[in-house]
Amino acid sequence: MNIFIVIAAYNEGKSIAKVISGLKKAGYNNIVVVDDGSKDDTYHIALNAGATVLRHVVNRGQGAALKTGIEYSLRSGADIIVTFDADGQHRVEDLKAMIAPVKSGQYDITVGSRFLKPVDMPFFRRLTLKIAVFVVWFFYGARMTDAHNGFRVMNRKAAQTINITSDRMEHASQIVEEIHKKNLKFKEVPVTILYTDYSMQHGHGGVLQALKVLARMIIRRIIE
Amino acid sequence: MNITIIQVIIVVFALFAWSRAFLRMRGKDISVGEFSFWSLIWIAVLIVAISPGLIGGVSGILGIGRGIDLAVYISILLLFYLVFRVYVSLDAQKNEITKLVREISIRDVKIKDSKKKK
């Protein structure tokens with residue numbers, strides 16, 4: 001089975017090489033990094049680390065970058081596509097458990113959840129994530145313990161069906177929406193998120209950012 | 001009929017804006033339909049500016065005291081609508097840019113891959 005790992009990276013020069021080498025060591029060789037118009041040297045660092053690197057000439061946001069990586073993987077004949085964070089938050093060790101349910105054909109997509117086992121997390125981050133869980137439930141009726149985990153594994157069918165139109169952070173909620181709208185079989189798998197100082201700085205902002213995302217979600221609903 | 005300074009300013013501005021719309025239509029930047037839309041708006045502005053009493057009757061029926069208030073209300077509604085239209089088209093444009101950026105990035109890698117194979 002062709003497993004492709006898609007990593008969206010924006011100014012991740014400090015962490016990307018380590019993430020790529022970790023994946024390579026574990027035996028994953030199809031690594032697709034989408035450099036989303038980084039201002040640092042992410043592009044060359046990822047290239048030297050041995051990944052296939054696609055470059056967005058201008059920054060388009062994480063959702064757009066992931067879609068580019070997924071699109072490229074599909075065209076390159078991927079059977080299974082993994083989305084993985086560039087900042088070292090995700091553990092390579094969790095990959096096996098994430099991939100297994102999809103590989104066996106039982107599920108179309110697995111999503112990592114950091115709340116399925118006890119976890120130590122900064123208060124505001126927990127609050128933001130729980131608000132996101134509520135929003136996803138409120139808008140889409142989707143019951144998930146962790147709606148905004150960037151760690152996902154999908155089969156070809158799921159990758160083709162899920163349509164990401166949100167370029168920025170709200171893509172995470174949109175993916176959940178698509179899973180439910182299109183009746184994909186999904187499973188949450190417990191994963192450990194590593195909160196390093198680096199990933200905290202590069203995190204997805206605080207409550208304010210979450211509210212911005214929420215506002216854009218509502219506007220999108222009105223327009224579409 | 002007394003003409004106030006503000007009426008003169010509005011009339012001059014409306015004529016100026018209308019002439020811009022006309023020039024853009026002649027330059028084929030906007031369609032005849034769009035020009036008609038803007039013509040309608042600027043003609044309405046001209047009429048109301050020259051004789052505000054004209055819409056006094058209508059505003060009375062609607063329960064708005066002064067004709068000029070009605071004009072302001074309608075302008076605000078129109079502005080909101082135009083802002084919405086701009087927002088929608090901007091959103092569509094953003095999506096198109098993303099599509100372009102995506103295709104360029106994929107094409108670049110494919111070209112590089114095929115060069116490597118050679």
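Averaged across the residues of B:107-116, what count of C-beta atoms belonging to other chains lies within 10 Å of each residue's C-beta? Intermediate values should be presented prior to the final figure.
On the way: counts 1, 4, 7, 4, 0, 3, 2, 0, 0, 0.
For this peptide, the per-residue mean of nearby foreign Cβ atoms is 2.
What is the fewest-to-most order of A:Met1, A:Met154, A:Met217 by other Cβ atoms lying within 10 Å of their Cβ? Working shown, then result.
Working: A:Met1 9, A:Met154 26, A:Met217 18.
Least crowded to most crowded, the residues run A:Met1, A:Met217, A:Met154.
Can you sort B:Ile6, B:Ile41 from fewest to most other Cβ atoms within 10 Å of each residue's own Cβ?
Details: B:Ile6 9, B:Ile41 17.
So the residues, fewest neighbours to most, are B:Ile6, B:Ile41.
With the contact rule set at Cα under 8 Å and sequence spacing of 6 or more, what percent relative contact order holds for region A:1-90?
Numbers: 181 pairs, mean separation 39.4, N = 90.
Here the relative contact order equals 44 percent.
HN-Hα J couplings of region B:111-118 from phi, Karplus 6.51/-1.76/1.60, θ = phi - 60°, integer Hz, Gly and Pro as x?
So the Karplus estimates, Gly and Pro as x, are 5, 5, 4, 5, 5, 4, 4, 5 Hz.
Of the peptides B:61-71, A:4-14, how do they stack up when ordered by the mean number of other Cβ atoms within 10 Å, highest first? It would help to have the intermediate numbers written out before the result.
On the way: B:61-71: 13.8, A:4-14: 23.7.
Going by the mean number of other Cβ atoms within 10 Å, highest first, we get A:4-14, B:61-71.
Quick one: A:Glu71, B:Glu103, fewest Cβ neighbours within 10 Å first, how do they rank?
Taking fewest neighbouring Cβ atoms as first place, the list is B:Glu103, A:Glu71.
With the radius of gyration and the Kirkwood radius both derived from the Cα set of the protein assembly as shown, what is their ratio Rg to Rh?
Numbers: Rg = 26.8 Å, Rh = 23.5 Å.
Using only Cα positions, Rg/Rh for the protein assembly as shown is 1.14.
In degrees, nearest 10, range 0 to 90: what is the angle between the Cα axis of helix B:5-26 and the longest Cα principal axis of chain B?
40 degrees
Residues of A:53-59, mean number of Cβ from any other protein chain within 10 Å of their own Cβ, rounded to a whole number? Mind dumping the intermediate values first?
On the way: counts 4, 9, 5, 5, 5, 5, 1.
Partner Cβ neighbours, averaged per residue: 5.
By its C-alpha gyration tensor, with a ≥ b ≥ c as the square roots of the eigenvalues, how is chain B shaped: rounded for a/c under 1.5, else prolate for a/b larger than b/c, else oblate? Intermediate results must be reported in sequence, preceding the final value.
Values: a/c = 4.87, a/b = 2.80, b/c = 1.74.
In terms of gyration-tensor shape, prolate.
Order of A:19-32, B:7-20, B:81-94 by packing, highest average Cβ count within 10 Å first?
Ranked by mean Cβ neighbours within 10 Å, highest first: A:19-32, B:7-20, B:81-94.
Computed from the coordinates by the stated procedures, all read-outs in this text should not be read as laboratory data. As the structure is a computational prediction, the values presented were derived from the model and not from experiment. Here Cβ is always computed from backbone atoms with ideal geometry, including for glycine, and neighbour counts include all displayed protein chains.
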